[in-house]
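Novice: Sharing a structure with you now.
The values are calculated or read from the model by the stated rules, or taken from the named source; none is laboratory data. Quick caveat, the model's predicted, so the values are computed rather than measured. Glycine also receives a Cβ, built like all others from the backbone with ideal geometry; neighbour counts cover every protein chain displayed.
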Amino acid sequence: MTQQDKTTTIGELKERVQAFVRARDWEQFHAPKNLSMALAAEAAELMEHFLWVDPAASAERAREPKRRKDIEDELADIVIYAMEFSNMTGIDLTAAITAKMEANALKYPVEKAKGRAEKYNEL
């Protein structure tokens, strides 16, 4: 984890996103429908970098200096849209992530899920 990731809070990032959006008067366009579609589009753009390569090659691509900036930009777009979705819907992102991680821990107990890729109902 980088130093910035250790010291910057989700709240600070959400505030930056909100300030950016408000300065441009873009909230009028940020209905949940539009933001969810933007998230899907950005996720597809991230996936495009890894299309048609095997898992090992995808890991190598993620480290390639010539692709790294583009991959970082797509990931940032995804997180920014997720934070804006959170802002516009009033979802407490930290609470939502915490609750989901707790639910996942119950669905995927270490003793059953460690080293396995099956869905929780197949463990």
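Novice: Are there any pairs with C-beta distances below 6 angstrom linking a residue in the range 98-116 that is outside the structural domain of Ile10 (by TED's automatic domain parsing) to a residue that is in a helix (DSSP H, G or I) and surrounded by 11 or more Cβ atoms within 10 Å (Cβ to Cβ), with the two at least 6 apart or on different chains, and if so which?
Specialist: Filtered contacts from the range 98-116: Lys107/Tyr120; Tyr108/Tyr120.
Novice: In the range 34-58, what residues are assigned to a helix (DSSP H, G or I) and over 19 Å from the mean Cα position of the chain (by Cα)?
Specialist: Answer for the range 34-58, where residues must be assigned to a helix (DSSP H, G or I) and over 19 Å from the mean Cα position of the chain (by Cα): Pro55, Ala56, Ala57.
Novice: Residue check, Ala31 against (1) surrounded by 14 or more Cβ atoms within 10 Å (Cβ to Cβ); (2) in contact (Cβ under 8 Å) with a residue 40 or more places away in the chain, all met but one. Which one?
Specialist: Here Ala31 clears every test but (1).
Novice: Is the range 70-77 home to any residue that is out of contact with any helix residue (DSSP H, G or I) (no Cβ under 6 Å at 6 or more places or on another chain), charged (D, E, K, R) and in the same structural domain as Glu122 (by TED's automatic domain parsing)?
Specialist: No, the range 70-77 has no match at all.
Novice: Just one of (1) surrounded by 11 or more Cβ atoms within 10 Å (Cβ to Cβ); (2) assigned to a helix (DSSP H, G or I) trips up Asn121, so point out which.
Specialist: In the conditions (1) surrounded by 11 or more Cβ atoms within 10 Å (Cβ to Cβ); (2) assigned to a helix (DSSP H, G or I), Asn121 misses (1) alone.
Novice: Testing Glu12 on (1) surrounded by fewer than 13 Cβ atoms within 10 Å (Cβ to Cβ); (2) among the charged types (D, E, K, R); (3) under 28 Å from Lys66 (Cα atoms), one condition comes back false. Which one is that?
Specialist: Here Glu12 meets the rest and fails (3).
Novice: Within the range 59-93, can you find the residues that are part of a helix (DSSP H, G or I), closer than 16 Å to Val17 by Cα and more than 13 Å from the chain's Cα centre (by Cα)?
Specialist: Residues satisfying the conditions are Asn87, Met88, Thr89.
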